[in-house]
């Protein structure tokens with residue numbers, strides 16, 4: 001385990017589920033209900049930008065294409081599907 005690594009997706013889901021349970025809220029079943037719940041919590045906490053679409057977009061790093069390893073995996077699966 002890497003102590004400085006960011007939390008895994010599984011850990012984030014577990015944390016969200018515990019927080020919903022602590023707030024006596026049902027864990028959202030879809031994106032729309034999740035966004036509404038996040039917006040409500042942010043408003044209740046007095047967040048300056050409660051709506052996620054009000055937040056500035058972060059610039060995405062430019063992708064240079066698939067890595068050699070990814071291309072190798074893609075070739076493998078293409079060949080596998082051809083047989």
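A short reminder: the numbers here are calculations on the coordinates, not readings from a lab. Quick caveat, the model's predicted, so the values are computed rather than measured. Methodologically, a virtual Cβ is constructed for each residue, glycine included, from the backbone with ideal geometry; neighbour enumeration extends over all protein chains shown.
Placing pseudo-labels 7 Å out from each Cα toward the beta carbon at residue 35 and residue 5 gives an inter-label distance of 3.2 nm. Ordering 5-17, 37-49 by mean Cβ neighbour count within 10 Å, with the highest value first, yields 37-49, 5-17. As a rough footprinting exposure proxy, the listed residues 67, 35 were ranked by other beta carbons within 10 Å of their own, and the order from fewest upward is 67, 35.
What length, rounded to one decimal in nm, is gained on full extension from residue 15 through to residue 79, with 0.36 nm per residue of separation minus their alpha-carbon distance? Numbers along the way, then the final one.
Working: separation 64, 0.36 × 64 = 23.04 nm, distance 4.10 nm.
So the extension gain works out to 18.9 nm.
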